[in-house]
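*Asks:* Pasting a structure below so you can have a look.
Nothing in this text is a laboratory measurement; each read-out follows from the coordinates by a stated rule. Remember, it's a predicted structure, so these values are computed and weren't measured experimentally. Reconstructed Cβ throughout: ideal geometry from the backbone, glycine too, with neighbour counts over all protein chains shown.
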């Protein structure tokens, strides 16, 4: 069963704009991770946020976690064409569950 | 270079013909896993291994087998492939067995078509 579900399924933005996507999960977690996938390639780890953290930053990425709502958001600021990719959240301890992903298209 | 490798990268086969997709990592990682990715369904875990000789089922293990005889290798075996196993397969590994706390390093993927 899939634990995380991303929303929206797809997002199209202009270069320079911000992109926000959300992940909802069903059961309590210890950590939540975000990954990026470029066009059918292997996923690349972006950031991990722990259940006792509310917000985390990494470069142009900002991740929030609301355990009361069982949701997380990923914000990409000042988007670039290179940010065009699919983004996935993942939860679990030794058995990981990924959502279906949000496909982001950044238009030049 | 630290990496996860998969072979073959592309494979076309016929129903019922046994095949093996290999996965190897050179980072001395404890944890290895297999996923399949299908349109609209994201990644679904097939099997995972927390260390040598320790494997367990993921969410979609039916029709697949795995083994972990050496730390670096985690082959995926399809004993009798069927068309519904046509998919994009990824192998991943992480340093420790508690995968949720660890960065997962993914292989480049194997595209499988079963006719």
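*Asks:* Using the Kirkwood formula on the Cα atoms of chain A, what hydrodynamic radius do you get, in angstrom to one decimal?
*Replies:* About 13.7 Å, per the Kirkwood formula over Cα pairs.
*Asks:* Beta carbons within 10 angstrom, averaged per residue: use that to sort the peptides B:59-72, A:32-45, B:8-21, B:90-103, highest first. Before the final figure, lay out the partial values.
*Replies:* Values: B:59-72: 15.4, A:32-45: 19.1, B:8-21: 13.1, B:90-103: 21.2.
My ranking of the peptides, most packed first, is B:90-103, A:32-45, B:59-72, B:8-21.
*Asks:* Hey, got the average number of other protein chain Cβ atoms within 10 angstrom for residues in A:86-99?
*Replies:* Mean inter-chain Cβ contacts per residue within 10 Å come to 6.
*Asks:* With all pairs of different alpha carbon atoms counted, what Kirkwood hydrodynamic radius in Å does the protein assembly as shown show?
*Replies:* 17.8
*Asks:* While we're here: Once Rh is set to the Kirkwood radius over Cα pairs, what Stokes-Einstein translational diffusion coefficient, in µm²/s, holds for chain B at a temperature of 10 °C and a viscosity of 1.306 mPa s?
*Replies:* 114
*Asks:* Most fluctuating residue of A:49, A:76, A:29 in a GNM of chain A with Cα springs under 10 Å: which is it?
*Replies:* In this elastic network of chain A, the residue with the biggest mean-square fluctuation among A:49, A:76, A:29 is A:29.
*Asks:* Evaluate peptide B:26-37: per residue, the Cβ atoms of other protein chains within 10 Å of its Cβ; return the mean as an integer.
*Replies:* 1
*Asks:* So if I average 1/r over every pair of distinct C-alpha atoms in segment A:28-91 and take the inverse, what Kirkwood radius in Å does that give?
*Replies:* Answer for segment A:28-91: a Kirkwood hydrodynamic radius of 12.3 Å.
*Asks:* Here's something else I'd like to know. Which of B:75, B:83, B:39 ends up with the largest GNM mean-square fluctuation for chain B, with Cα atoms connected below 10 Å?
*Replies:* B:39
*Asks:* Here's another thing I want to ask about it. How much of the calculated P(r) for segment B:18-83 lies past 13 Å, in percent of all Cα pairs? Can you show the working numbers first?
*Replies:* Numbers: 1335 of 2145 pairs.
Everything past 13 Å amounts to 62 percent.
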